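Trainee: To start, I am sharing the structure in question, which I have written as structure tokens.
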Amino acid sequence: MSENIKIVKNATCTFCGCVCDDMELTVDLDEKRIIKAKNACVLGRAWFAEHTIGDWPVAMIDGKEVSKEEAIEETAQTLVKAKFPIIYGLSDTTCEAQRQAVAISDIIRGTIDTTTSVCHGPSGLAFQGVGESTMSLGEVKNRADLVIYWGGNPAASHPRHFTRYTVTPKGMFIPNGRKDRTVVLVDIRKTPSAPVADLFIQVKPGKDFEVLWALRALVKGKNIDPSIEEETGVSLATLEDLVDKMKNCRYGVLFFGMGLTMTRGRHFNSGAIMALTTDLNEFTHFVTKPVRGHGNVTGADNVLSWQTGYPFGVNFNRGYPRFNPGEFTTVDTLSRGDADAAMFIASDPASNFPKVAIEHMKKIPVISLDTKQTETSNLAHVAFATSTYGINTGGTVYRMDDVPITMRSAFDSPYPDDEEILTAIKKRVQELVWAKQGIKIAVGEARVA
Amino acid sequence: MAETMILVPGRSSKQGTALNKGKLKPEYLLVTSTLEMNSDDMQRLGLEEGDSVRLSNEVGETVVTCKGRKPEDLPSGILFIAYGPPSSQLMDGDTAGTGMPISKNIEVLVEKVTVKNI
Amino acid sequence: MAATLRIVNGKLYDPINNIDGKVQDICIEDGRIVDSVSDDATRIDAQGMVVMPGGVDIHCHIAGPKVNAARKLQPEDHRRDPHPGTPFTRSGTGGTVPSTFATGYRYATLGYTTAMEAAVTPIGARHTLEEFHDTPIIDKGFYVLLGNNIFLQNLLREGRKEEFRQAVAWWVNSTKAYTVKLVNPGGDEPWKGKKNSNVSNIDEKFDGLSPRQIIEAFITTVNDMGFPHPAHIHCNNLGHSGNYKTTLETMRTAGDQRAHLAHIQFHSYGGELGKNPDSKAAEIIEYVNTHPNITCDVGQVMFGKATIMTADAPLAYVLRGLTNSKWVNVDTECESGCGILPFSYQEHIYMHTLQWAIGLELFLMSKDPWRVILSTDHPNGGSFMLYPKLIKLLMDRGFRQEEISRVNQKAIAKTALNDLDREYTLYEITIITRAGPAKALGLKHKGHLGPGADADITIYDEMDDKEMMFNAPRYVIKSGKAIIANHEFCGDHDGKILHITPAYDEKIEEVVQPFFENYYTIEFDNYAVSDSYLHDHEIVPTANDR
Ligand code: SF4
Ligand SMILES: [Zn+2]
């Protein structure tokens, strides 16, 4: 440990959608690393500890080191030449960088999509169908006397969700914290989150929709046949008891995870939980919220929505935004073989997409921006190494409940940040597109913000 | 012996910490290729802790290492794995018009691999 | 376009400077209107055209968390109305809740150059400013929601008046707001904490505090601090039969202090709760006419698709019960509630026609156009894109009669609309869309064409069909730069943020901070919005700064 130590208070952890902004970081400025992250959970500690300065080049083309400028030029040429270029990722970078990425898509008339399409995209679709009664997390802390988690395992994925926001904290109308709340967990297996709950309900895999719909019926006073137990693994008595709890609480919340969106039923499951929440508002105050994963996936939804009107899966081929999940979402554009160039920002689809999509990635020029080397950067034609948001850069991120937070940088990185690279690419693609169309405008005169 | 079971890829906290080290690092590769299985099921299939199993379906196949879980924690017939390159091999690219591939509850054939380190 | 510009031969409408259709040159230098420019300045020949200051929207919903939620909610609203880009401008989507770029460009295509977002939660201020950064052309600011702020209400309960005042100033500074907004004051707590109930009476106490006490405290505090625009109030009981009494009581609470009442059309209903309302436009406008301390905007309803988005969450829930449409509710910790749903106003429906007619009654019975300002509470009463049609309804009696004949006659019979044959003049239109709102906002450089004014100028071809005329300005100049020339976009502009920075004693932070630590989930030190979100901005002075 060197003498050159700095403390950064109220820093923000962006490892998960909890976006805890109460980090106290101890930074060794000589060694350029964070040696302690007070208040962080086990995941947050790893996030801060492991984001040190790497030893790979800022930019590579086909695995060979090149200058940043060469890589930007090659990226711009590749994107402008392509007929169906796609941009994907964005959930682990700042809103400032996301704004630039959407601008690039608009200019090159490409397609932009975020990791939302493979996490809570179905919840986004459900939202468009039925709406949602929801809240900021502080309302749960202050008011919720009934907290239900469905198809999610925060103990593993969002370790401080319980302790900072929803279960243990004392709140304005919850003076005794945990004691004043009833906690229910619904899942297909007993996850590490189960010990937190007063009641664990186990559903047969793929039967969430049936259970949710039965709950809706019961809430509305309709009869349900006891054979529901055989179908779903949950007895009628259990359902009736849950309905009773939901109708009689003061402020109830239903959190749900990818256990609902990634399985049979997808957006129908999310829609059922949102509709159930709406129904319950006839009896008491009830809210729901998808538990979002990545640090700024919610920011990506917001930036795309304000710039284009749509939250993900947006295509600009016609010179204006169009939205069509299944057509413009990334798994589809890759699996169908439509994409003829791809830029992946702060995301690693080559390690978690369906096999057929990964195979197509290997056939087209890929550009990657990431803080670490990944399967995706390994197969990339152009690979940029960038600095880490919230550790080396400030900027804005949105917590899972749409609350925006400004990050504090802990130490400088020799690597550029995503926003810098994307801004440079944007300027260059704009020039190339204008040149192609024979338009003479100096950059700066037109809006390229 | 082979049986059809349901594979549920998900997140684990071990995966989360390993991820920060780097996705190409051995720790990450290890967590994403460790399969959790009901211990009764393991016994029936003649599997022991650390044995290699092949998971396959019409999309593809992958070989992972299995690890037992108590029956009260993981129901019979359900397999858990942390997302990663191995689970990708079994995911279908069809999203049924939603953008979301079915990434949980994938039906797979489970069989013991007799020759290790394929 | 050069930094100097001369507009010649145009007919000027500039009520602040008492100019009513006189042909006179306008000179522009470095973004401002000046007395003269050199002869080599670029000239715009406005022969046969009408020259007005750029429009100023005093009450609309165009940016921030609830607006973005409404965008996400309604792909169907956007898909029929794409907004293609040009070499100068970014693309976007329209509908009743356009994307940020489309919002800025579309305001410009109507000749509007300033717009104020009327309801932002403090915690959503940062988001709103981010969207403003992507809302081109227009200057913009927002009103921060403080009327249901739990901390401030606690101070009022405890009679801590001075700390209340300091805390209000701290909140306005921390969020970069333009003024404070009250929405259904006192109604959030029953909604969130008492199983979706509401306050029904301005004197009904909840935990020892009534809406009237909240309203009074804010009006007084804001006036004491000399904000350029007073407390902006969305009264209790919006939309309910018989609510005009609440509206009158709210205005009386102001005494002779300045107050702005938002979208008064929605607050001018007679009749009994639970039954169909009738019109009390005459009673409401009479009070406004005789009380120069009151300004208001009408909140006209226009037939067709709208989007309800309001911090009045219980109201949105009531409407959801009527329409059974998809519905969004968002509770914001310690600060506010919010409700969103798609809506459609239809000619054959009694209630919708009555709302439409009451709005027109208010306009037509207004005696002081400076204080009765044009708005549709966009997108609640309809899109701002319908302003030209609304102007035609006000200026063209024949057109109005035709439209009246097409709507629910039972509702019309409950109003005085058939007897009102007033037609607004161009001069009066300039007042209700430019000079009036600029004055009500305390924006001394806007709403007029005199030397020193911001060079925000709209030039329309003079036409008989006023809807057509106001729909397509020939030139729009923003901060001295031509944005639209011969109906085509020819440039772009960022526009600036308008905000105020009332002085406060920093010690108040020590009073606020413990509350944050207990009841907020964001750290106190991360709460105030930093200057980096302002980009181009203007601090409008308070009376106390001068
Ligand atoms: S809960 Fe999430 S955001 Fe909070 S410290 Fe842990 S990983 Fe970071
Ligand atoms: Zn409004």
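Trainee: Does A:T182 satisfy being in contact with a strand residue (DSSP E or B) (Cβ under 9 Å, 6 or more places away or on another chain) and either aromatic (F, W, Y) or over 20 Å from A:K289 (Cβ atoms) (or both)?
Mentor: no
Trainee: For segment A:189-229, name all the residues that are basic (K, R) and either within 14 Å of another protein chain (Cβ to nearest Cβ) or open to solvent by 80 Å² or more (accessible area, probe 1.4 Å) (or both).
Mentor: Listed by number, the residues that qualify are A:R189, A:K190, A:K204, A:K207, A:K220, A:K222.
Trainee: Could I ask something else about it? Cβ contacts < 6 Å: first residue within 14 Å of chain B (Cβ to nearest Cβ) and among the acidic types (D, E), restricted to segment A:28-50; second residue away from ligand 2 (no atom under 16 Å from the Cβ) and open to solvent by 50 Å² or more (accessible area, probe 1.4 Å), any location; separation 6+ or different chain. Result?
Mentor: From segment A:28-50, the pairs are A:E50/B:K21.
Trainee: Against the definition (open to solvent by less than 10 Å² (accessible area, probe 1.4 Å), within 28 Å of A:R250 (Cα to Cα) and either at the interface with another protein chain (Cβ under 10 Å from one of its Cβ atoms) or more than 16 Å from ligand 1 (Cβ to nearest atom) (or both)), how does A:V147 come out, yes or no? Reasoning before the result, please.
Mentor: Numbers: open to solvent by less than 10 Å² (accessible area, probe 1.4 Å): yes; within 28 Å of A:R250 (Cα to Cα): yes; either at the interface with another protein chain (Cβ under 10 Å from one of its Cβ atoms) or more than 16 Å from ligand 1 (Cβ to nearest atom) (or both): yes.
Criteria met by A:V147.
Trainee: List the helices (runs of 4 or more DSSP H) inside segment A:195-264, counting only whole elements, that have at least 3 residues being within 31 Å of the chain's Cα centre (by Cα). Give the steps one after another, and end with the answer.
Mentor: On the way: elements: A:208-219, A:228-232, A:236-248, A:258-261.
By residue number, A:208-219, A:236-248, A:258-261.
Trainee: Of all the residues that make up segment C:208-227, how many are over 25 Å from C:G124 (Cβ atoms) and either among the hydrophobic types (A, V, I, L, M, F, W, C) or modelled with pLDDT under 95 (or both)?
Mentor: 1
Trainee: Which one of these is within 16 Å of ligand 2 (Cβ to nearest atom), open to solvent by 10 Å² or more (accessible area, probe 1.4 Å) and touching a residue at least 40 places away in the same chain (Cβ under 8 Å): C:T253, C:T295, C:T246? Reasoning before the result, please.
Mentor: Details: C:T253 fails: within 16 Å of ligand 2 (Cβ to nearest atom); C:T246 fails: within 16 Å of ligand 2 (Cβ to nearest atom).
Answer to the check: C:T295.
Trainee: All but one of (1) modelled with pLDDT under 95; (2) in a helix (DSSP H, G or I); (3) not small (G, A, S) hold for C:L273; state the number of the condition that does not hold.
Mentor: The single condition C:L273 does not satisfy is (2).
Trainee: Only one residue in C:L364, C:L354, C:L360 is surrounded by fewer than 24 Cβ atoms within 10 Å (Cβ to Cβ), away from ligand 1 (no atom under 16 Å from the Cβ), within 23 Å of C:G271 (Cα to Cα) and of a type outside the set (S, T, Y), so which one is that? Don't jump to the end; show me each part of the working.
Mentor: Numbers: C:L354 fails: surrounded by fewer than 24 Cβ atoms within 10 Å (Cβ to Cβ); C:L360 fails: surrounded by fewer than 24 Cβ atoms within 10 Å (Cβ to Cβ).
Just a single option satisfies the conditions, and that option is C:L364.
Trainee: Return the residues of segment C:383-421 that are in a loop (DSSP other than H, G, I, E, B) and touching a Ser or Thr at 6+ places or on another chain (Cβ under 9 Å); say none if nothing qualifies.
Mentor: Correct list: C:S383, C:V407, C:N408, C:K414, C:T415, C:A416.
Trainee: Right, next: How many residues does segment C:57-99 hold that are farther than 19 Å from C:F343 by Cβ, small (G, A, S) and part of a loop (DSSP other than H, G, I, E, B)?
Mentor: The number of residues fulfilling the criteria is 5.
Trainee: Name the pairs whose Cβ atoms lie under 7 Å apart, with the first residue in segment C:213-235 and away from chain A (no Cβ under 14 Å) and within 12 Å of C:F164 (Cα to Cα), the second among the aromatic types (F, W, Y) and more than 16 Å from ligand 1 (Cβ to nearest atom), and 6 or more positions between them or separate chains?
Mentor: Between residues of segment C:213-235 that are away from chain A (no Cβ under 14 Å) and within 12 Å of C:F164 (Cα to Cα) and residues that are among the aromatic types (F, W, Y) and more than 16 Å from ligand 1 (Cβ to nearest atom), the close pairs are C:A217/C:F164; C:T221/C:F164.
Trainee: Taking into account only those residues within segment A:303-321 that are among the polar types (S, T, N, Q) and under 22 Å from C:T128 (Cβ atoms), which is surrounded by the most Cβ atoms within 10 Å (Cβ to Cβ)?
Mentor: Within segment A:303-321, the match that is surrounded by the most Cβ atoms within 10 Å (Cβ to Cβ) is A:T308.
Trainee: Hey, does segment A:73-91 have a residue that's within 16 Å of ligand 1 (Cβ to nearest atom), of a type outside the set (S, T, N, Q), in contact (Cβ under 8 Å) with a residue 24 or more places away in the chain and more than 30 Å from C:H133 (Cα to Cα)?
Mentor: So the first thing to find is which residues in segment A:73-91 are within 16 Å of ligand 1 (Cβ to nearest atom), and the list is A:91.
Cutting the leftovers down to of a type outside the set (S, T, N, Q) gives us none.
Checked segment A:73-91: no residue is within 16 Å of ligand 1 (Cβ to nearest atom), of a type outside the set (S, T, N, Q), in contact (Cβ under 8 Å) with a residue 24 or more places away in the chain and more than 30 Å from C:H133 (Cα to Cα).
Trainee: Could you tell me how many of the residues in segment B:17-40 are within 20 Å of B:S88 (Cβ to Cβ) and part of a strand (DSSP E or B)?
Mentor: Count: 4.
Trainee: Separate question: Consider segment B:76-97. How many of its residues are over 12 Å from the mean Cα position of the chain (by Cα) and crowded, with 19+ Cβ neighbours inside 10 Å?
Mentor: 3
Trainee: Considering segment A:9-47 alone, what residues qualify as being over 17 Å from A:P159 (Cα atoms), open to solvent by 10 Å² or more (accessible area, probe 1.4 Å) and within 16 Å of ligand 1 (Cβ to nearest atom)?
Mentor: A:K9, A:N10, A:E24, A:T26, A:K36
Trainee: A follow-up question, please. Can you tell me which residues in segment C:60-89 are among the charged types (D, E, K, R), within 9 Å of chain A (Cβ to nearest Cβ) and under 18 Å from C:A115 (Cβ atoms)?
Mentor: Once the filter is applied, which keeps residues that are among the charged types (D, E, K, R), within 9 Å of chain A (Cβ to nearest Cβ) and under 18 Å from C:A115 (Cβ atoms), segment C:60-89 yields only C:R71.
Trainee: Do we find that B:L55 is buried (at least 20 other Cβ atoms within 10 Å of the Cβ), more than 16 Å from ligand 2 (Cβ to nearest atom) and modelled with pLDDT of 95 or more in this structure?
Mentor: Values: buried (at least 20 other Cβ atoms within 10 Å of the Cβ): yes; more than 16 Å from ligand 2 (Cβ to nearest atom): yes; modelled with pLDDT of 95 or more: yes.
It is true that B:L55 is buried (at least 20 other Cβ atoms within 10 Å of the Cβ), more than 16 Å from ligand 2 (Cβ to nearest atom) and modelled with pLDDT of 95 or more.
Trainee: Could you say which residue among C:T501, C:T521 is in contact with a helix residue (DSSP H, G or I) (Cβ under 7 Å, 6 or more places away or on another chain) and open to solvent by 20 Å² or more (accessible area, probe 1.4 Å)?
Mentor: Numbers: C:T521 fails: open to solvent by 20 Å² or more (accessible area, probe 1.4 Å).
Going through C:T501, C:T521 in turn, the sole match is C:T501.
Trainee: Please work out which one of (1) more than 14 Å from chain A (Cβ to nearest Cβ); (2) of a type outside the set (A, V, I, L, M); (3) part of a loop (DSSP other than H, G, I, E, B); (4) open to solvent by less than 10 Å² (accessible area, probe 1.4 Å) is the condition C:G159 fails and give its number.
Mentor: The one condition C:G159 does not meet is (4).
Trainee: Could you check segment A:342-449 for helices (runs of 4 or more DSSP H) lying wholly inside it with 1 or more residues that are at pLDDT below 95 and among the small types (G, A, S)?
Mentor: A:349-352, A:418-437
Trainee: Name the single residue, out of those in segment C:9-42 being of a type in the set (S, T, Y) and in a strand (DSSP E or B), that is nearest to C:E428 (Cα to Cα).
Mentor: Going through the qualifying residues, I end up with C:Y13.
Trainee: What number of residues within segment C:524-535 are more than 10 Å from chain A (Cβ to nearest Cβ) and either open to solvent by 70 Å² or more (accessible area, probe 1.4 Å) or in contact with a Phe, Trp or Tyr (Cβ under 6 Å, 6 or more places away or on another chain) (or both)? I'd like the intermediate steps shown before the answer.
Mentor: Restricting attention to segment C:524-535, the residues satisfying the condition of being more than 10 Å from chain A (Cβ to nearest Cβ) are C:531, C:534.
From what is left, the residues that are either open to solvent by 70 Å² or more (accessible area, probe 1.4 Å) or in contact with a Phe, Trp or Tyr (Cβ under 6 Å, 6 or more places away or on another chain) (or both) are C:531.
Adding up the residues that qualify gives 1.
Trainee: Okay, next question. Give me the pairs: first residue in segment B:2-15 and closer than 17 Å to A:A155 by Cβ, second residue among the basic types (K, R), beta-carbon distance under 6 Å, and six or more apart or on different chains, which are they?
Mentor: Pairs found: B:V8/B:K104.
Trainee: OK, next. With the condition kept exactly as written, say whether any residue in segment C:329-349 is within 16 Å of ligand 2 (Cβ to nearest atom) and more than 14 Å from chain A (Cβ to nearest Cβ).
Mentor: So far as segment C:329-349 goes, yes, one or more of its residues are within 16 Å of ligand 2 (Cβ to nearest atom) and more than 14 Å from chain A (Cβ to nearest Cβ).
Trainee: Can you tell me which residue is nearest to ligand 2 (Cβ to nearest atom) among those in segment A:155-165 that are open to solvent by less than 20 Å² (accessible area, probe 1.4 Å) and at pLDDT 95 or above?
Mentor: The selected residue is A:Y165.
Trainee: A further question follows. Has segment A:291-301 got at least one residue that is more than 16 Å from ligand 2 (Cβ to nearest atom), in a loop (DSSP other than H, G, I, E, B), modelled with pLDDT of 95 or more and hydroxyl-bearing (S, T, Y)?
Mentor: Within segment A:291-301, none of the residues are more than 16 Å from ligand 2 (Cβ to nearest atom), in a loop (DSSP other than H, G, I, E, B), modelled with pLDDT of 95 or more and hydroxyl-bearing (S, T, Y).
The values are calculated or read from the model by the stated rules, or taken from the named source; none is laboratory data. The shown structure was predicted, so the numbers you read here are calculated from the model rather than taken from an experiment. Every residue, glycine among them, receives a Cβ derived from its backbone with ideal geometry; neighbour counts consider all protein chains shown. To get the accessible areas, we keep the full protein, side chains included, count just its heavy atoms, and leave off ligands, DNA and RNA. Shrake-Rupley method; radii C 1.70, N 1.55, O 1.52, S 1.80 Å.
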